[in-house]
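To keep things clear, I will list the structure first and then write my remarks on it.
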Amino acid sequence: MSDLFADQSLPWQPLAARMRPRTLDEYVGQAHLLGAGEPLGEAIRQGQLHSMVLWGPPGVGKTTLAKLLAEYTKAHFQTLSAVLAGVKDIRDAVQQAKMRQQPTILFVDEVHRFNKAQQDAFLPYVEDGTIVFIGATTENPAFELNNALLSRARVYTLKPLEDVQLEQLLSQALTDRERGIGKKQLSSNLDAQALLLMAANGDARRLLNVLEVVADLAEDGSTITAEQIKPVIADLPKRFDKGGDVFYDQISALHKAVRGSSPDAALYWFSRMLDGGCDPLYIARRVVRMASEDIGNADPRALSVCLSAWNVQERLGSPEGELAIAQAITYCACAPKSNAVYVAYKKARAAVKELPDYEVPIHLRSAPTKLQKSLGHGAEYRYAHDEPNAYASGEQYFPPEMVGAQFYQPVDRGLEQKIKQKLTQLAEWDQQSELQRYSD
């Protein structure tokens, strides 16, 4: 066993540290990166070094993979934590690397926590090969890391472990007499295994941490049961990072469930976000957006329902406010859908950006002064309330250069069916007015 993994034999280390894989054969998961013929796996086996970013959720083997790369390439392995380190620590690590007679892998955990200046400090030394940079992050590198650093490193995405892989780790930990808990001769029944896998949620470290706590409390030679596991996992935090990828993935799932008219799925993602610690007011604001973007005039009441739910949350807090938000979510999910207003708004904004700044037509201008009146401002304006059906048929409200432009196209759902009928009727009156004008 190499020095890099020698400390795993220490009995007081956490089970997850003792069970850390020492070879690629022991490594579980990430076959899409390490399988036969996969570039990263072949690079490690052939001892080829290159800078990289390992992106994935906690407990999927990012640190272990970096250590294995150092082991297979006979490189010195040095670590920095972005939570604690600064530019001075980076420079010190680089100076130490320059004095070595072997390549240095500089492993930076939580690299997304480094600011731009700190990330820039790596660039010249990654460029000239002084260090092989390996960063580990749970956040999307495209959002959190500088483009200059990303251009010098390959990004590898690690996936949560599947149940069959977690079962393999569980079996190893139960039977390994040297590094696992095998000395106690413990076993687990199917219900216990299922509960452990659910609690792990794809995270090997979490699986082993829970197993270790339960094993410490179990009697030698006994069978671990689900009842022993339940109190241990009762307060485990869920996978939810306020402001990170999981956060945005879950709010995206909630929004799409509402848009897809699935109230049950929408309530599930709402509950998941609350369980993970999301501020209910954030969700309330997003639900108001859903009412405008995906329902619009198909059911204008949706906007009022959502604003009321937001108000209840602000006034009453939890749990009454959360129930009101749940009511708004289910209302929106079940309401008729239309994004016609959303599309029309985007078209109008695009037109304003793309077209010249046309003058307001004379008949639409305000005339609060005698001078403006003398210039004819508003002189030919037709007051709609004085017209038949309260509609000035044939009147133009666009600049002359934009006559005939159309942004809003109601759909055949909900109230927009009637709105569409109304606009069709108005268009017919406009056409009749135009024909009448020509005949005169």
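The values are calculated or read from the model by the stated rules, or taken from the named source; none is laboratory data. These figures come from a predicted structure and were not determined experimentally. Cβ atoms come from the backbone with ideal geometry, glycine included; neighbour counts cover every protein chain shown. Protein only, heavy atoms only, side chains kept; ligands, DNA and RNA dropped before computing areas. Shrake-Rupley method; radii C 1.70, N 1.55, O 1.52, S 1.80 Å.
For the reader, a short list of remarks on this structure follows.
- Counting the residues of region 388-399 that are loosely packed, with under 12 Cβ neighbours inside 10 Å and acidic (Asp, Glu) gives 0.
- Considering region 342-379, and only residues there that are of a type in the set (D, E, K, R) and surrounded by fewer than 12 Cβ atoms within 10 Å (Cβ to Cβ), the residue that is nearest to residue 408 (Cα to Cα) turns out to be 349.
- Qualifying residue in region 375-390 (condition: touching a residue at least 60 places away in the same chain (Cβ under 8 Å) and among the basic types (Lys, Arg)): no
- Each residue in region 400-423 was checked for being open to solvent by less than 70 Å² (accessible area, probe 1.4 Å) and within 30 Å of residue 335 (Cα to Cα), and 8 pass.
- Check on residue 385, closer than 26 Å to residue 430 by Cα, out of contact with any helix residue (DSSP H, G or I) (no Cβ under 9 Å at 6 or more places or on another chain), open to solvent by 40 Å² or more (accessible area, probe 1.4 Å) and not in a loop (DSSP other than H, G, I, E, B): yes
- Filter pass, residue 227 being touching a helix residue (DSSP H, G or I) at 6+ places or on another chain (Cβ under 9 Å), farther than 30 Å from residue 329 by Cα and modelled with pLDDT of 85 or more: yes
- Yes/no for residue 252 being in a loop (DSSP other than H, G, I, E, B) and modelled with pLDDT of 85 or more: no
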